Amino acid sequence: MAVCAFVFAGCGHHHGPAPGQTTLGMVTDVGGLGDRSFNDSAYRGLVRAKTQLGAYVQVLQSRSAADYQPNLIALTSLHYDMIYAIGFLMGLDLDSVAKQNPAQQYAIIDAVVDDPNVVSITFREQDGSFLAGALAAMVSKTHHIAFLGGQDIPLIRKFEAGYIAGAREVDPSIRVDVKYAGSFDDVAAGQELSDVLFNGGADIIYAAAGKVGLGTADAVKSREGCYMIGVDSDQDGLVPGKILTSMVKKVDVAVFDVAQALHDGKPMRGHVVFGLRDGAIGLTDFAYTKAAIGPKNLARLQRIETAIVNGAITPPDSREALAAFKPVAL
């Protein structure tokens, strides 16, 4: 059994589920709880299921990729009604475990696992990233912004492509530097790479990199006239006034919706996609930066959001799609 951390939502002693109680298990990605991003968002959905549905919930935290399969097997042995795998990195491990346990129901976030007992949840991250890029281009004083990704994989390239396209929608000549940390949990690398990007002339960095983004938050603190854009969860309060906005990916909504459907006896099946029009993707409410953005830019951003929802703008989801993207005259 892998060395792992058990977390029970709520306080008090562990007494086990009551008869007939919906039971939900979750395996985190390596960033773990406390990442102020992806895993924390998923956990909020689990806690909501406990509060609103009366579910019994348990979390196993993965310290490394080697923990994924043992953690999934550990929860499977307890016969939970639903077991969540949080993150695309668990795709192959979940596929293996799901095939060996066809009676167990699983859900995975950010990957598609083609097994009949797995519901696959993905998001249109490019929608919210397009808005983030458009806002960055509106606010940038240097016409030079940057993107910091975690691992250079197709999922994170959706964030990259949407962000660059959104910036070009507002300023076709804007410069966008791109760097990848090769990790989702190396905070020191996040600060180091962010310093490189700021020193290179970028005044806004969109960090789509899990815990790596906490390094960007550290880097932006002392940078006058510079901002960062957070990701996945509302990170605006990390450095109030220096986080322009956060591209919120409401993993908690997806986690809860899967639990709600299960609780109601109508479990989700197959591949389910959440996007801007579903209310599962979007920007925060600019609690600390509304004055710096200004009402005209906010109104323009709303027009762009409406254009995405009604199909007038289709944000690109890959570098190939980005190469073919043309700004739309709104």
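The values are calculated or read from the model by the stated rules, or taken from the named source; none is laboratory data. If you're wondering where the values come from, they're calculated on a predicted model, not measured in any experiment. So basically every Cβ, Gly included, is an ideal-geometry build from the backbone, and we count neighbours across all protein chains shown. Quick note on the areas: whole protein, heavy atoms, side chains included, nothing else; ligands and nucleic acids left out. Shrake-Rupley method; radii C 1.70, N 1.55, O 1.52, S 1.80 Å.
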Residue check, Gly237 of a type outside the set (Val, Ile, Thr), under 23 Å from Asp29 (Cβ atoms) and either assigned to a loop (DSSP other than H, G, I, E, B) or open to solvent by less than 10 Å² (accessible area, probe 1.4 Å) (or both): yes
Closer than 25 Å to Ser64 by Cα and touching a helix residue (DSSP H, G or I) at 6+ places or on another chain (Cβ under 8 Å): which single residue out of Phe130, Phe147, Phe123 fits that description? Phe123
Scan the range 14-40 for residues that are surrounded by fewer than 24 Cβ atoms within 10 Å (Cβ to Cβ), of a type outside the set (D, E, K, R) and closer than 20 Å to Thr122 by Cβ and report the count. 1
Return yes when Asp264 is under 26 Å from Lys50 (Cβ atoms) and exposed (fewer than 13 other Cβ atoms within 10 Å of the Cβ) and no when it is not. yes
Check Val187, Val118, Val112 and return the single one that is of a type in the set (Val, Ile, Thr), within 30 Å of Ser77 (Cβ to Cβ) and open to solvent by 30 Å² or more (accessible area, probe 1.4 Å). Val112
Quick check on the range 141-153. Is at least one of its residues in contact with a His (Cβ under 7 Å, 6 or more places away or on another chain) and surrounded by fewer than 24 Cβ atoms within 10 Å (Cβ to Cβ)? no
If we ask which residues in the range 75-115 are free of Cβ contacts under 8 Å to residues at least 60 places away in the same chain, part of a loop (DSSP other than H, G, I, E, B) and more than 18 Å from Ser37 (Cβ to Cβ), their number turns out to be 11
Against the definition (in contact with a helix residue (DSSP H, G or I) (Cβ under 9 Å, 6 or more places away or on another chain) and at pLDDT below 95), how does Ser194 come out, yes or no? no
The residue from Ser129, Ser96 that alone is out of contact with any Pro (no Cβ under 8 Å at 6 or more places or on another chain) and of a type in the set (S, T, N, Q) is Ser96
